[in-house]
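Engineer: Got a structure for you, written out below as structure tokens; questions coming shortly.
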Amino acid sequence: MSSASSETHTVANAAEAVGSKRRLHPATELVILACSLLLVFGIPSPVVPFIILIGSLVTVVVSPVVRLRTWAMTVGLLSLPTLAVLIIVQGLFYPGTEVHVLWQVGPARLTVEGLSIAVQIWLRVSSLIGLCALFGLGADSARLFDGLRRLRLPSAVAYVCSSALGLIPLIGARTRHIIEARQARGWATDSWRVRIRLLPGIVVGLVTAILLTVDQRHEVLEVSGLDSSATAVALQDHSDGAGQSLLRILAPLVTLGLIVASVTGVLPLPGAAQLIGGA
């Protein structure tokens, strides 16, 4: 009994130590995430998503919570196939006659215009994936709930969003359990061909489990009266203050100012075609 109690205290102390290393309130993280995404899709230059992607990488390196390997694998697995498709579709088979051809073999030709569009789309998608992976891997349901409540969202909305974030590890755990169960029954789950055959059953099992979980959490929401309560206590302790409150106000204003300056030409940024070497 004493060993279990000491283990519980050790886990609690470790969680408290990790939480104390976080310098930003989850509400501030949400505002920065939203402003970064707005800059990525609001300014038509590949320089902005490239800077944000590098900033996400630096944040992961210094983060006490997010592992660099996990973040890099997530971004790579989701963005590299997109890059290959964009280069084939846009870079090699870009329609148009007035283009700057860099390389051509038969009907396939690598053009500045097609490559610039492919690079622009890929950088935006990669920065989007990098930002969402940084926030998703470094946040939990309690932090997301506290952040949304600090931004004055209704408790019911905050509960639903935080529950959706909590479903991500649940999906991974259920998938591993299903695969392990099939393997125990003699299926060679190490083979991708076998996994593809098992995919329909896995998807059906996941959908059923998710629907049951959502229904159970909805019942908890109704029983607890959270949807009708005007106040909700924070689930975790977070560092906050006047500086972060000011940052949550200034960040959207600066973001909108940069977008307006870019659109009006006050802040000229090079396009992808100029960076690649087009006319």
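The values are calculated or read from the model by the stated rules, or taken from the named source; none is laboratory data. Since the model is a prediction, treat every value here as computed from it, not as a measurement. Neighbour counts run over all protein chains shown; Cβ positions are idealised from the backbone, glycine included. These area figures cover heavy atoms from the full protein model, side chains too; ligands, DNA and RNA do not enter into them. Shrake-Rupley method; radii C 1.70, N 1.55, O 1.52, S 1.80 Å.
Engineer: Take peptides 205-215, 37-47 and line them up by average Cβ neighbours within 10 Å, highest first, as a rough protection proxy. Could the numbers behind the result be given before it?
Structural biologist: On the way: 205-215: 13.1, 37-47: 17.5.
Descending mean neighbour count gives 37-47, 205-215.
Engineer: What residues qualify as long-range amide H neighbours of SER45, i.e. H under 5 Å apart, gap of 5 or more or another chain, H built at 1.01 Å from N?
Structural biologist: Result for SER45 returns nothing.
Engineer: For LEU267, what residues show an amide H to amide H distance below 5 Å, using hydrogens built from the backbone and excluding near sequence neighbours?
Structural biologist: HN-HN under 5 Å from LEU267: SER262.
Engineer: For the full complex of protein chains and a 1.4 angstrom probe, list ILE168, ILE121 by accessible area with the highest value first.
Structural biologist: Numbers: ILE168 110, ILE121 65 Å².
Of ILE168, ILE121, the descending order of accessible area is ILE168, ILE121.
Engineer: Heads up, I need the accessible area for LEU68: 1.4 angstrom probe, whole protein in place, Å², nearest 10.
Structural biologist: 80 Å²
Engineer: Given the whole protein assembly as supplied and a 1.4 Å probe, what does the accessible area of PHE93 come to in Å², nearest 10?
Structural biologist: 110 Å²
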